[in-house]
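**Student:** Pasting a structure below so you can have a look.
The values are calculated or read from the model by the stated rules, or taken from the named source; none is laboratory data. Only a predicted model underlies this, so the values are computations on that prediction, with no experimental measurement involved. Note: ideal-geometry Cβ built from the backbone for every residue, glycine included; neighbour counts use all protein chains shown. Note: areas computed on protein heavy atoms with side chains; ligands, DNA, RNA excluded. Shrake-Rupley method; radii C 1.70, N 1.55, O 1.52, S 1.80 Å.
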Amino acid sequence: MPLPTLTSRFADELPQAGVPWPPATAPAPRLLFWNAELAAELGLQPGPGDDLAALFSGNALLPGSKPFAQAYAGHQFGGFSPSLGDGRALLLGECVDTQGRLRDLAFKGSGRTPFSRGGDGKAAVGPMLREVLVSEGLHALGVPCTRALAVVATGDEVIREQVLPGAVLTRVASSHLRVGSFQYFAARGDLDNLRRLAIHAMARHGGADALELLRGVAQRQARLIAQWMNLGFIHGVMNTDNMTLSGESIDFGPCAFMEAYDPATKFSSIDHQGRYAYRNQPLIARWNLARLAESLLPLLADPDGPQADMDAAVAQVTEVIDAFPAWYDTALREGQRVKLGLPAPGAAHAPLADEWLALLQQGEADFTLAWRRLADALEGQEAALHSLFMDSTGLAPWLQRWRAACTASPAELRAANPLVIPRNHRVEEALSAASDDGDLRPTEQLLAALRQPFDEGADARYTQPAPVGQAAGYRTFCGT
Ligand code: AMP
Ligand code: MG
């Protein structure tokens, strides 16, 4: 088969940013998921002689692959850990895709590394297929995110609260550079490597200096978080090691999509304070960017140089961090404008959107379906929309004002408001079948629906919220 030969730019340019490390051997590898579309995009066209289960479990390696456990630091729930790193992941290398873009290939669940601390380095089938469902779902919704290329069951056991089947995920990303990658060298006062890391990051993500790099990251993250918010997506663990420089969503552990609209929604069982609740996501993104800015400061002014230089550098990065809320707001409002089908500039769409969200909250309406049913309302079918609200007081007059302002066609509204999202109860159902019974069909069927999120013909199984009661107590777990 044409197998791409991987490069090892990261490992070669930044030998201090990790440790060369081999993946663990999988006793009985079995391919559970293969992303043929993504493989084609990477120029990876397996032939009959190619053992995908071996290649994507780590028992064999792609040509050129030099597995490397990356070092990074990170603020986890606000507390700083100077050494996190790939405790159960490995960067395999990079490849140039068919569009000329450099992409990282990495394993997750490939065994212990020098960064594993107390962990076992393993991942279970359920959480790795969860990454597949959520990342493929987000991708189909047009949200930048890392992609899943393959999941291989290792034949190994993973001990969590119960004994689970083990798996290795192969993840594809524009890079695995995170805010925490910069914090790692900044925390050590290692300016030489910090500079090299910035040069590597600029080569991959643009920017002529550290300030431009920061600005680019902030603008990409502003757009990304706005997309999350307009889809009701809650990442759940926005630690600085889970925030990319590329602006791609990464790490789909305790994430979930909101059903009944409530800005205070959180799902993660370990997020006691609601730090990563839905409404806090833009605030946390800005906080994380401020940590990136701090880490980059020594590149903008010599820490041992005149204080005036450092003051000027602080002022420069502060300007970027202070601009973030406006960039976010612009992206959020633009998204809302398209979702409401309002004409381009000038229209006072913010109040209309804010009142709509207030109605959704008051009526505990399903976030996804409420937006989607606007198209039906435009066609004169309001019953389906009304039925989503526990209390629809105020909806009728709002609809009247909205209809007067809306210039989009029902088809345009449907193209902006998905019908299918990875609903929590369907994801759990599919993962249980795969993990407990080895039955991959529910996962495959759900994945097929998630890949056509705007299609009105979707099976009602995948469009309806969880039965009342089931949704209320939904919790996600970090113990992946
Ligand atoms: P996450 O919350 O999944 O982004 O992971 C945070 C940190 O914990 C990273 O440094 C991971 O590599 C590490 N980690 C998570 N799970 C494991 C595991 N099973 N074994 C070793 N390290 C892990
Ligand atoms: Mg992570």
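**Student:** Does any residue of the stretch 64-87 turn out to be open to solvent by less than 20 Å² (accessible area, probe 1.4 Å), aliphatic (A, V, I, L, M), free of Cβ contacts under 8 Å to residues at least 60 places away in the same chain and away from ligand 2 (no atom under 16 Å from the Cβ)?
**Tutor:** No, the stretch 64-87 contains no residue that is open to solvent by less than 20 Å² (accessible area, probe 1.4 Å), aliphatic (A, V, I, L, M), free of Cβ contacts under 8 Å to residues at least 60 places away in the same chain and away from ligand 2 (no atom under 16 Å from the Cβ).
**Student:** Name every residue in the stretch 1-12 that is open to solvent by 60 Å² or more (accessible area, probe 1.4 Å) and either in contact with a Lys or Arg (Cβ under 6 Å, 6 or more places away or on another chain) or hydrophobic (A, V, I, L, M, F, W, C) (or both), in order of residue number.
**Tutor:** Met1
**Student:** Among (1) farther than 29 Å from Gly155 by Cα; (2) assigned to a loop (DSSP other than H, G, I, E, B); (3) at pLDDT 95 or above; (4) not hydroxyl-bearing (Ser, Thr, Tyr), which single condition is Ala472 missing?
**Tutor:** Against the list (1) farther than 29 Å from Gly155 by Cα; (2) assigned to a loop (DSSP other than H, G, I, E, B); (3) at pLDDT 95 or above; (4) not hydroxyl-bearing (Ser, Thr, Tyr), Ala472 comes up short only on (3).
**Student:** Count, please, the residues in the stretch 342-364 that happen to be open to solvent by 60 Å² or more (accessible area, probe 1.4 Å), closer than 22 Å to Ala415 by Cα and at pLDDT 95 or above.
**Tutor:** Here the count works out to 1.
**Student:** Can you find a residue that is open to solvent by 50 Å² or more (accessible area, probe 1.4 Å), of a type outside the set (Phe, Trp, Tyr) and either within 16 Å of ligand 1 (Cβ to nearest atom) or not assigned by TED's automatic domain parsing to the domain that holds Ala358 (or both) anywhere in the stretch 222-241? Let's see the steps before the verdict.
**Tutor:** Step one: of the stretch 222-241, the residues open to solvent by 50 Å² or more (accessible area, probe 1.4 Å) are 223, 227.
Imposing the further condition that a residue be of a type outside the set (Phe, Trp, Tyr) reduces the set to 223, 227.
From what's left, either within 16 Å of ligand 1 (Cβ to nearest atom) or not assigned by TED's automatic domain parsing to the domain that holds Ala358 (or both): 223, 227.
Yes, the stretch 222-241 has at least one match.
**Student:** Right, here's the next one. Determine whether the stretch 287-296 contains at least one residue that is within 14 Å of Val237 (Cα to Cα) and modelled with pLDDT of 95 or more. Break it down into steps so the answer makes sense when it comes.
**Tutor:** Taking the stretch 287-296 as the starting set, the residues that turn out to be within 14 Å of Val237 (Cα to Cα) are 287-288.
Keeping just the survivors that are modelled with pLDDT of 95 or more gives 287-288.
Yes.
**Student:** Can you pull out the residues in the stretch 345-375 that are under 25 Å from the mean Cα position of the chain (by Cα) and of a type in the set (Asp, Glu)?
**Tutor:** The answer is Asp366, and nothing else.
**Student:** Taking Ser246 as meeting all but one of (1) over 24 Å from Ala123 (Cβ atoms); (2) of a type in the set (S, T, N, Q); (3) within 16 Å of ligand 2 (Cβ to nearest atom), write down the number of the exception.
**Tutor:** Failing condition for Ser246: (1).
**Student:** Next question. What's the total number of residues in the stretch 248-280 that are within 14 Å of His235 (Cβ to Cβ), more than 16 Å from ligand 1 (Cβ to nearest atom) and not charged (D, E, K, R)?
**Tutor:** First, the residues of the stretch 248-280 that are within 14 Å of His235 (Cβ to Cβ): 248-258, 265-268, 270-271, 274-280.
Next, only the ones that are more than 16 Å from ligand 1 (Cβ to nearest atom) stay: 257-258, 265, 274, 277-280.
Among the residues that remain, those that are also not charged (D, E, K, R) are: 257-258, 265, 274, 277-278, 280.
Result for the stretch 248-280: 7.
**Student:** A follow-up question, please. Go through the stretch 249-274 and report how many residues are within 16 Å of ligand 2 (Cβ to nearest atom) and either of a type in the set (A, V, I, L, M) or open to solvent by 10 Å² or more (accessible area, probe 1.4 Å) (or both).
**Tutor:** So the count comes out to 4.
**Student:** Filter the stretch 88-112 for residues that are under 28 Å from Leu289 (Cβ atoms), assigned to a loop (DSSP other than H, G, I, E, B) and within 15 Å of ligand 2 (Cβ to nearest atom) and give the result.
**Tutor:** Arg88
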